[in-house]
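What follows is a set of notes on a single structure, which appears directly below.
The values are calculated or read from the model by the stated rules, or taken from the named source; none is laboratory data. Just so it is clear, the model here is predicted, and its values are computed rather than measured. Backbone-built Cβ (ideal geometry, glycine too); neighbour counts: all protein chains shown. Ligands, DNA and RNA are excluded from the accessible area calculation, which covers all protein heavy atoms including side chains. Shrake-Rupley method; radii C 1.70, N 1.55, O 1.52, S 1.80 Å.
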Amino acid sequence: VDTQGRVNVWNKCARKIVGYTLDEVMGQNLVGEFITTEYKAAVSTVLDKALKGEETANFEFPLITKHGVRIEVLLNATTRRDEQGNVIGVVGIGQDITGRIAQEREYSKLIDSANAPIFGVDTLGRVNVWNICARKLVGYSTEEVMGHSLV
């Protein structure tokens, strides 16, 4: 997008994922026209930061495709500069992560509904997974154990 937030580059991958053609998006305000209401402020902040030289990595937000389907996007946004170093806009690299999120939700359901206690810990030994069976067996709720040391 340019410094005013208008789309000025739209590649084949963006067309394929979102369904809008180059003619439909060029010159349009990205946030105003294509971002869901609940994420307009957050996406605007990401773009504003990039215009000031602050890169944003791994920002997740939903987009509604041309056909009305909600997809989840992982965005990296960085400042776009001309040959003299002047800020001319933002380069956004987005990835459709809808499938990954669905897999993560399915994975969580499987863990939670297992007939055996399942727990997970991070590299510091803090609990980051605690299923229903673990709660029943040990007697501690998820809220009581998450983020706390297992031992």
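With respect to the chain, whose longest principal axis is taken over its alpha-carbon atoms, helix 40-51 is tilted by about 60°. Between the Cα long axis of helix 98-113 and the first principal axis of the chain there is an angle of about 10°, rounded to the nearest 10.
Contact order for segment 66-135, expressed relative to its length and based on alpha carbon pairs under 8 Å spaced 6+ residues apart, stands at 22 percent.
Between G120, G27, G53, the residue with the greatest mean-square fluctuation in the GNM of the chain (Cα pairs under 10 Å linked by springs) is G120. Straight-distance candidates among the lysines for linking to K136, with alpha-carbon spacing under 21 Å and chain neighbours fewer than 8 residues away dropped: K109. Straight-line reach from K66: taking Cα to Cα under 19 Å and skipping same-chain neighbours fewer than 8 places apart, the lysines in range are K12, K16, K40.
Carbon-plus-sulfur accessible fraction, the chain (probe radius 1.4 Å, protein heavy atoms only): 53%.
Ordering I17, G147, N58 by the projection of their Cα atoms onto the charge dipole of the chain, which places +1 on the Cβ of Lys and Arg and -1 on the Cβ of Asp and Glu, puts I17 at the extreme positive end.
Taking a straight Cα-Cα cut-off under 15 Å and skipping sequence neighbours fewer than 8 places away in the same chain, the aspartates and glutamates within cross-link reach of K52 are D2, D82. Only Lys, Arg, Asp and Glu carry charge here, each on its Cβ (+1 for the first two, -1 for the last two); on that basis segment 1-123 has a dipole of about 260 debye about its Cα centre.
Starting from one equal scatterer on each C-alpha and no solvent at all, send me the Debye-based log10 I(q)/I(0) for the chain at q = 0.11 Å⁻¹, two decimals. Result of the Debye calculation: -0.60. Comparing L74, L47, L137 in a Gaussian network model of the chain where C-alpha atoms under 10 Å apart are linked, the largest mean-square fluctuation is found at L137. Tell me the per residue accessible area of the chain using a 1.4 Å probe; a whole number in Å² is fine. In whole numbers, the chain has 65 Å² accessible per residue. Couplings 3J(HN,Hα) of segment 123-130, computed from phi: 5, 9, x, 8, 5, 10, 9, 7 Hz, in residue order, whole Hz [Karplus 6.51 cos²θ - 1.76 cosθ + 1.60, θ = phi - 60°; x for Gly and Pro].
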